[in-house]
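One structure is given here, and the rest of the page talks about it.
Read-outs throughout are calculated quantities, based only on the coordinates presented, and are distinct from any laboratory measurement. Just so it is clear, the structure is predicted and the values come from calculations on it, not from any experiment.
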Amino acid sequence: MTPQAALELYIHTLERLTGESIDDLDHVCRSNVRFKDPLHDVLGRQAMKKVFAKLFRVAQDVNYFVHDHAVEGQHAFFHWRLEASLSGKPWSVDGITRVTFDELGQVSDHTEYWDAASQLYGRFPIVGTLLRFIRRRIADA
């Protein structure tokens, strides 16, 4: 499978992923895949599936959209948006993911880049207030 075809299949899988379809990752990820984001750094498909399963347990009405993507050799990048409801309030995260495919077209590495400070921690009353204060101080410096 070409990296372009592998990416299209992976995006298709992620955009349709639900709490009930977590096992679909078995078809597109190696058993020893590395998954990394600002909150997790896990090795293995089962550990990756636990990260996604927790998302679907904690958040409601989860929707994942990929806007753009590019492939270069065995690596691919895509820009995405996650929309959900967290504690009954709308929540969205925008990010970029870098994936590496093995020779069979399976994902061997999935690394997400997104701003946890503003897109997650900032939602908490005390932490959010502190982060906004720090941002203003840095911006005014």
Using Cα-only point scatterers and the Debye equation, what is log10 of I(q)/I(0) for the range 3-114 at each q in 0.10, 0.13, 0.16, 0.24 Å⁻¹, rounded to two decimals? -0.26, -0.44, -0.69, -1.62
When only Cα pairs under 8 Å and 6 or more residues apart are kept, what is the percent relative contact order across the range 3-114? 27
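Want the number for ASN32 to ALA5: 0.36 nm per residue separation, take away the alpha-carbon distance, what's left?
Details: separation 27, 0.36 × 27 = 9.72 nm, distance 2.09 nm.
Contour length minus Cα-Cα distance gives 7.6 nm.
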In whole Hz, the Karplus estimates of ³J(HN,Hα) for the range 45-58 (6.51, -1.76, 1.60; θ = phi - 60°; x where Gly or Pro) are 4, 5, 5, 4, 5, 5, 4, 5, 4, 5, 4, 6, 7, 7
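For the range 2-67, what number results from the quotient of the Cα radius of gyration and 2.2 N^0.38 Å? Don't jump to the answer; show the numbers that get you there.
Details: Rg = 11.8 Å, N = 66, 2.2 N^0.38 = 10.8 Å.
The value comes to 1.09.
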When the chain is fully extended, how far beyond the present Cα-Cα distance does GLU20 get from ARG81, taking 0.36 nm per residue of separation? 19.9 nm
Report the full-extension gain for the segment HIS12 to VAL58: residue separation times 0.36 nm, less the Cα-Cα distance, to one decimal in nm. 14.3 nm
Which whole-Hz ³J(HN,Hα) couplings does the range 81-93 yield from phi under the Karplus relation 6.51 cos²θ - 1.76 cosθ + 1.60, θ = phi - 60°, glycine and proline marked x? 9, 10, 10, 7, 10, 10, 6, x, 10, x, 9, 9, 9
Sequence-distant or interchain residues sharing an amide H contact under 5 Å with VAL33, placed H: which? GLY44, ARG45
